[in-house]
Amino acid sequence: MSLQCPLCSSPKIASLRTAMKIGAAVGAAGGAARGASVALTGSQVGAAVAVGLAAGPIGITLGTVAGAILGGLAGGAGGCALGAQLGEKLDRHVLSNNLCLECGHRFNLPV
Ligand SMILES: [Zn+2]
């Protein structure tokens with residue numbers, strides 16, 4: 001998709017992706033927190049079952065930590081991608097983050 005300045009029709013358009021970066025960071029943090037909490041809940045249930053089965057406490061701890069880390073990574077990756085997509089839409093259509101390099105005009109894309 002090629003952009004043009006609505007004032008001078010120059011094709012030299014820079015996109016200032018402020019919201020995309022913020023969205024990706026917020027999405028990653030939120031996704032990681034959610035993934036970790038889901039993993040912790042799951043590992044607590046798993047630990048309770050393991051106690052009933054007389055498994056060693058070291059195994060329970062390792063399982064809990066590994067589950068939290070894996071859950072956090074998976075959640076963070078998903079949240080980051082989602083946040084970046086939302087941020088890019090904000091940048092392109094809402095925040096006037098398309099900048100003409102010829103005349104300096106800032107503009108939105110039509111939604
Ligand atoms: Zn222009």
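Every number in this text was worked out from the coordinates using simple rules, so none of it is lab data. Owing to the predicted nature of the structure, the values given are computational and were not obtained by experimental measurement. Here the Cβ positions follow ideal geometry from the backbone for every residue, glycine too, while neighbour counts run over all protein chains shown.
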Taking 0.36 nm per residue of separation between Ile69 and Lys21 and subtracting their Cα-Cα distance, the length gained on full extension comes to 14.9 nm
Pseudo-spin-label distance Asn108 to Lys12, built 7 Å along Cα→Cβ, given in nm, is 2.7
With the crude spin-label approximation of a point 7 Å out along Cα→Cβ, what separation in nm comes out for Leu3 versus Ser37? 3.6
Output the peptides 72-78, 2-8 sorted from most to least packed, where packing is the average of other Cβ atoms within 10 Å over each peptide's residues. 72-78, 2-8
